[in-house]
């Protein structure tokens, strides 16, 4: 696993939350919180990253995450460039690295990388020059660390603690990098009652999520939960094998107001988006008073500002 | 129809010129004029919109209008992001709004929207938070308000008045949002002799353009006109039904120097672009001394600066 | 050929190096050098081009050159917009110019143009307003002047002279704008021993490269060379006619460590990228101690800053 820290212990890359300590994650959350502004107020801005150049290399489509990183960089005064390179498909191994070396020679000092292939962000991180940082914006089904941080920040804003919380993650856990990064964050932050709930075909292998209880029914996962995190069902996988169609999925696994009532009265509802309303979540729940889905997005840009400031050593 | 004004009467959204008063339009034109610079001089710049974030959501291809809005935003100090979302085709109803809510949560406070489907800018405008503005950059065949303003500004620069002018709009009126917004503007600004001219198949229904005279021959529309506004013929519609081929269209409806001589000697020639030279307009007319087509483009960025400054309450 | 200079002798357009004098090229190289920073240092930044607008019109895919120009413009304080227009294929002649006129009316004052068709940058240059500059970012097989400058700068940084150097350009000379611009630069700068080496099918016609010696074997071109510039083989052309397959090409023309030993001990290895490792160049040579390939990229952004500052008359 690629080393994420510099010799002095500071964060250089952010590829996964799995190897961070609790205090490192807490530091990032605190810094993120300092960048949060209520909707309607101006976002924070500074020149902390003036002279820095951030390249967004996204090889999977992503409006939300790409714009979130782009705005985070610009609001800290950095120059941001977007590239539509096909890192994994078009080019392999060394020639992918040639693209990275080229950008590095143009004084790009931060790479934000999303790729469907496992290992790409880490491979880049091991090859760039010592002053260059790599941030994963989503790596295969494995890791999406800024999403994990924004999920943790969202929970903390509403609950002011992690200890003693019951958190249920529901849906396609098996293929979800969001679930894995949330699990890493919550687990490290001391959430003791972590639950994953999915149809058998979407449940991860036994060696993963070992400190989570496993639920094959939605009801038992929801009962008494403080936080319900719904995952996107990827329709393209539906209908195959023993997977149910949309309507059946909603009937068995969709989060309705009625089912949400099984959770604690003050439970919050999260979703990483994009949502399939009427499949994994009912519209009235997505837009209801317990939903913090838009907070997650707002926190996302704050987290990305914090991570950029942290790895670039900036005091913003 | 979506309310465009705030309770205090100030402009919040710009979706159509149809419901604006004459003095509101005049105010926008005056403000636009203050941003006009001659070709070769530096464009005006300010930090009036520093901290603001403008998202360009274009679901129809548009180089000119997208770049014009992007430059207008940047020259006022705003951060601009471009998105290639497919609002109307890929996603419908609620999920389109989810994309908008997401961007709003990233502190986007102005949406510039172009969409081929009627109602999309208005739908977004009714759902965004109170501090957020929506500007239409072209809505189906219905409305293109900044184009209407730039057309009016272009006329005023050359004629110094609207009263008493004879203005002929020629071509595919039926499918043209440009024609409708120009009609709204000129009509409100007191142009009394408004003429539309088109082959029967491209003439709008009788309940529209009621204060305009209708011409089924080019000559009668041009005679004595102060302003001749030619519209783009969309070739993909040509050849169908009772529509003529390119050459026939040019023979019957193309603006040649000879025909332009029917208009007043100081008549100006306008075209929203892109032009089909040799179909709706002869090249020597497009580039001739009476053409103000490039002025229209220059005025476009000034109008967009004015509208951005106006809806965002900025004193630039 | 389009005049590149203003009446006062200053550089207005950069379309080719062919018509520049030695002292004009030297001036550009000196200015470029002032923008070079070591990897890991912040790139130079200034507000010299504040208020200027640079439009990148690339009709051929180009990550490296487009980002290089974009960063050069932004680091000098200009506003940069990227356009994906299809100048040569979609539109022809006059309507291509309409796109340019439109951008010019939006106060774009510098066009950076890459096009596969000969003559496009020059055609645009002859039609824009007097205050507007056009920079070629690659014109068909004919010219890539900023690449020629960065190649010359790279050589000078390592050799501190041009006189007395032996420079070998190897590969698909016939189709290469990189080779032609390098030839123009080196020839003008006084390199006396210029060599081109290629299989017969990739050798240019006799009237070109007249001051270069021609080599149909790699070995003779390399012997005693101070600089070895390898060109990219375009695989899409391989296999046709009398051209060898990849392996055969590498066997006959690939630059290996063994072959490089034929050159001077302190010879440098250059490549404009993207590289086909294992076809025209062995990986260990591309990454070896004699390679200056990444220096070329770094110098590229410095050259583009210098050219922008020069044509826009800015003192950065």
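Just to be sure I understand: with springs between alpha-carbon atoms less than 10 Å apart, which residue in C:196, C:25, C:173 has the highest mean-square fluctuation in the Gaussian network model of chain C?
Comparing C:196, C:25, C:173 in the GNM, the peak value goes to C:25.
Label the protein assembly as shown by shape, choosing from rounded, prolate and oblate, from the square roots a ≥ b ≥ c of the eigenvalues of the Cα gyration tensor; if a/c is under 1.5 it is rounded, and otherwise prolate applies when a/b is larger than b/c, oblate when it is not.
Cα axes put the protein assembly as shown in the oblate bin.
Provide the FRET efficiency to the nearest 0.05 for the residue C:30-residue B:41 pair, computing r from the beta carbons and using R0 = 51 Å.
0.95
If you take every DSSP beta bridge whose two residues both sit in chain C, what share of them, in percent to the nearest 5, is antiparallel?
Of those bridges, close to 5 percent are antiparallel.
Take peptide B:38-44, look around each residue's Cβ out to 10 angstrom, count Cβ atoms belonging to other protein chains, and average those counts.
Mean shielding by partner chains, rounded to a whole number: 5.
Label-to-label distances across copies for residue B:217, with labels 7 Å out along Cα→Cβ, in nm, shortest first?
Distances between equivalent label points, in nm: 8.4, 8.4.
For the range B:177-282, just say rounded, prolate or oblate: build the C-alpha gyration tensor, square-root its eigenvalues into a ≥ b ≥ c, call rounded for a/c under 1.5, and beyond that prolate if a/b exceeds b/c, oblate if not.
oblate
What whole number of Å gives the distance from the Cα centroid of the range B:250-316 to the Cα centroid of the range C:272-316?
If we compute the Cα centre of each part, the gap is 44 Å.
To one decimal in nm, how far is residue A:40 from the same spot in the other copies, if labels go 7 Å from Cα toward Cβ? Please give the shortest first.
Values, ascending and in nm: 5.0, 5.0.
Give me the angle, in degrees from 0 to 90, between the Cα long axis of helix C:22-33 and the longest principal axis of the Cα atoms of chain C, rounded to the nearest 10.
Value to nearest ten degrees: 80.
Using 7 Å Cα-to-Cβ label points, what is the residue C:266/residue B:261 separation (nm, one decimal)?
7.7
Just subtract the alpha-carbon distance of residue A:251 and residue A:19 from 0.36 nm times their residue separation and send over the number in nm, one decimal.
So the chain would gain 79.7 nm between residue A:251 and residue A:19.
Name the most mobile residue of B:245, B:70, B:258, meaning the one with the largest mean-square fluctuation, in a Gaussian network model of chain B with Cα contacts below 10 Å.
Sorting by GNM fluctuation, first place goes to B:258.
For residue A:157 paired with residue C:158, estimate the spin-label separation in nm (one decimal), with each label point 7 Å from Cα along the Cα-to-Cβ line.
Simple spin-label model gives 5.3 nm for this pair.
What's the minimum Cβ distance from chain C to the axis relating it to B, in whole Å, and which residue gives it?
That would be C:82, 5.
Take every DSSP beta bridge with both residues inside the protein assembly as shown and express the antiparallel ones as a percent of the total, to the nearest 5.
5
Out of C:207, C:247, C:18, any idea which swings most in a Gaussian network model of chain C, alpha carbons joined below 10 Å?
C:207
Could you work out, residue by residue across B:102-114, how many beta carbons of other chains sit within 10 Å of that residue's beta carbon, and then give the average as an integer?
Average neighbour count from other chains, rounded to a whole number: 5.
For chain C, what does the relative contact order come out to in percent, with C-alpha contacts under 8 Å and a separation of six or more?
20
What ranking do A:226-232, A:4-10, A:149-155 get when scored by the average of other Cβ atoms within 10 Å per residue, highest first?
Highest-to-lowest ranking by the protection proxy: A:149-155, A:226-232, A:4-10.
Which distances, shortest first and in nm, link residue B:252 to the matching position in the other copies, using label points set 7 Å out along Cα to C-beta?
Here residue B:252 shows inter-copy label distances of 6.3, 6.3 nm.
Angle check, please: helix C:177-188 long axis (alpha carbons) against the longest principal axis of chain C (alpha carbons), in degrees 0 to 90, nearest 10.
The angle comes out near 90 degrees.
How many Cβ atoms of partner chains, on average, are near each residue of C:275-286 if near means within 10 Å of its Cβ?
1
Report, in deg cm²/dmol and to the nearest 500, the calculated mean residue ellipticity at 222 nm for chain B, where each DSSP H run with n ≥ 4 adds -39500 (n - 2.57) and the sum is divided by the residue count.
The per-residue figure over chain B is -10500 deg cm²/dmol.
Round to the nearest 10 and give me the degree value, 0 to 90, for the angle of helix C:63-75's Cα axis relative to the longest principal axis of chain C.
40
Give me the distance in nm between label points sitting 7 Å out from Cα along the Cα-to-Cβ direction at residue A:193 and residue C:192, one decimal.
So the label points at residue A:193 and residue C:192 sit 8.8 nm apart.
Throughout, read-outs are computed from the coordinates displayed, never taken from laboratory work. Computed from a predicted structure; not experimentally measured. Cβ coordinates were reconstructed from backbone atoms using ideal geometry, including for glycine residues, and neighbour counts include every protein chain displayed.
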